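Following: one structure in structure tokens, then a few remarks.
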Amino acid sequence: MSDPDDREGRSGSRATARPLPPWVGVATRLVHGGRRPDLNAGAIVYPIYQSSTFHYPAEHSEAGERTYFYTRLGNPTADGPAEVLRELEGGEAARLFASGMGAVTATVLSLARPGDEVVALTDLYGGTTDLLLDLRTRYGLAVRELTDAAARDPESAVTRSTRLILLESPTNPCLRVHDIARWAAAADRVGAVLAVDGTFASPINQHPLALGADLVIHSATKYLGGHSDVVAGAVVGAARLVERIDARRAYGATVDPFAAFLLHRSLKTLALRVARQNETARLLADSLGGHPAVARVHYPGRASPAEEEIAARQMRGRGGMLSLTLRGGAAAAERFLGALELVQVASSLGSVESLASVPARTSHRHLSPDELAARGIDPGLVRLSIGIEEPDDLRRDITHALDRCGTGAPPPL
Ligand SMILES: *Cc1c(COP(=O)(O)O)cnc(C)c1O
């Protein structure tokens with residue numbers, strides 16, 4: 001595929017750039033990855049092929065000869081960023097989608113049939129849980145949800161009838177850490193596919209495929225896009241599986257060429273952005289726990305010594321997410337959001353600007369109080385996605401908002 005001599009590029013064929021030298025590191029690969037010659041003008045930034053269809057030369061009567069035919073089936077603008085992600089995750093193949101949910105839906109529909117058992121964490125991303133429950137009701141998928149405690153014992157959680165396992169680590173919003181390598185071994189023993197949604201960690205901090213997972217899924221809307229201006233998704237992993245996840249053809253969740261272009265642009269700075277987000281989030285996790293308004297800091301590895309051990313083993317940085325349980329409950333959370341001057345109140349995460357949200361009122365609002373409690377989601381839990389602002393500015397803004405939110409009574413356990 002990366003034939004350095006294929007620089008002429010037949011009309012509509014895949015022209016690739018000279019491969020990068022093998023000695024370059026991650027940040028360099030991100031800047032130069034997926035580059036390819038622009039045969040028309042020699043542009044350094046690859047152009048956007050905002051075209052739904054591609055010229056079909058009369059002499060090439062066979063569609064099979066052509067690389068690009070119709071954008072739902074493939075577009076040159078999407079190939080660069082897909083290649084960067086493939087390399088970054090160390091997979092055999094990568095495919096982009098219209099959204100993270102497009103990637104999740106295509107994965108589940110392509111790999112599980114009615115009657116197949118799908119094992120999933122209870123605290124997966126809300127959209128993923130909704131999809132699985134819907135497929136259980138209307139499609140006969142045998143979905144088995146695992147509480148956090150049950151998910152600590154993958155060997156017992158996985159059975160001979162398990163086809164697909166969906167895992168997230170760290171989880172949303174309590175940032176619990178699951179042992180991906182241990183899950184991969186359990187999946188292997190029964191021949192199940194382990195798909196890890198790696199959105200929260202980003203591929204800078206965690207490589208699920210290297211830990212034995214078969215697939216890694218990303219909402220590229222978050223860290224990969226990183227500027228709150230792209231909606232996209234990705235699946236990377238074993239070629240035999242990625243090829244089966246054929247949503248571009250059958251399910252139609254195709255990434256838009258402009259979104260793919262923005263994603264490629266964003267990936268160039270991913271290492272820089274995530275390094276800064278890792279550093280600032282750690283600084284805040286270390287300092288905010290001492291504030292009288294804060295009952296508990298949720299941060300990867302903090303829940304227990306066992307999780308610290310897993311996080312230290314499977315993550316390079318701990319990511320840019322942290323959550324705070326406020327002593328004053330829902331009212332304090334509301335006052336906290338209202339007092340923020342810099343951090344913006346919005347769901348989503350992974351962007352250059354810091355965002356705050358209250359999961360009990362946003363992503364998890366459909367859950368009953370009992371279900372929220374079972375997931376450790378207190379009404380006074382605020383989730384912070386740390387951006388790339390000056391760390392001191394963020395500390396000042398968040399501390400000031402905590403000063404204003406009151407300590408109230410400790411939340412009920
Ligand atoms: C946002 C998110 C998704 C869904 O991605 P979209 O791009 O919004 O469709 C899936 N998984 C996780 C962990 C997410 O945070």
The extension gain from ILE44 to TYR70, computed as 0.36 nm times the residue separation minus the Cα-Cα distance, is 6.9 nm
Put in order of increasing Cβ neighbours within 10 Å, starting from the fewest, THR171, THR362, THR129, THR147 give THR147, THR362, THR129, THR171
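Taking the Cβ of LEU175 as the centre, find all other residues whose Cβ is under 10 Å away and add up their charges (Lys, Arg: +1; Asp, Glu: -1). Could the numbers behind the result be given before it?
Numbers: positive: ARG176, ARG302, ARG318, ARG383; negative: GLU307.
The answer is +3.
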The distance between the Cα centres of segment 232-299 and segment 156-186, in whole Å, is 19
Taking placed amide H atoms and a strict 5 Å upper bound, the residues 5 or more places from VAL294 or on another chain that come that close are ARG327
Residues whose built amide H sits under 5 Å from the amide H of SER99, excluding neighbours closer than 5 in sequence, are GLY233
Bridge orientation stat for segment 4-269 from DSSP, antiparallel percent rounded to 5, came to 40
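Arrange LYS222, LYS268 by Cβ neighbour counts within 10 Å, fewest through most, would you? List each step's numbers first, then the result.
Details: LYS222 23, LYS268 17.
Listed from fewest to most nearby Cβ atoms, that is LYS268, LYS222.
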Placing one equal point scatterer on each C-alpha of segment 32-171 and summing with Debye, one gets log10 I(q)/I(0) at q = 0.15, 0.17, 0.21 Å⁻¹ equal to -0.90, -1.01, -1.26
Under the Karplus relation with 6.51, -1.76 and 1.60 and θ = phi - 60°, whole-Hz ³J(HN,Hα) for segment 391-402, x at Gly and Pro, equal x, 5, 5, 5, 4, 5, 5, 5, 5, 4, 5, 5
Each label sits 7 Å from Cα toward the beta-carbon; between ASP393 and ASP134 the label points are separated, in nm, by 3.9
Helix 100-111: inclination vs the chain longest Cα principal axis, degrees, rounded to 10, gives 70
So for segment 182-294, using the alpha carbon gyration tensor with a ≥ b ≥ c as root eigenvalues (a/c under 1.5 gives rounded; past that, a/b versus b/c decides prolate or oblate), I'd call it oblate
Computed over segment 271-407, the distribution of all Cα-Cα distances in 5 Å bins, rounded to whole %, is 2, 11, 20, 24, 21, 15, 7, 1, 0
Taking every C-alpha to C-alpha distance in the chain and binning by 10 Å from 0, the per-bin percentages run 5, 22, 30, 24, 14, 4, 1, 0
To the nearest 0.05, the calculated FRET efficiency linking ARG244 and THR407 through their beta-carbon distance, R0 being 51 Å, is 0.45
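Computed from the coordinates by the stated procedures, all read-outs in this text should not be read as laboratory data. Here the structure is a predicted model, which means the values were calculated and not measured. Every residue, glycine among them, receives a Cβ derived from its backbone with ideal geometry; neighbour counts consider all protein chains shown.
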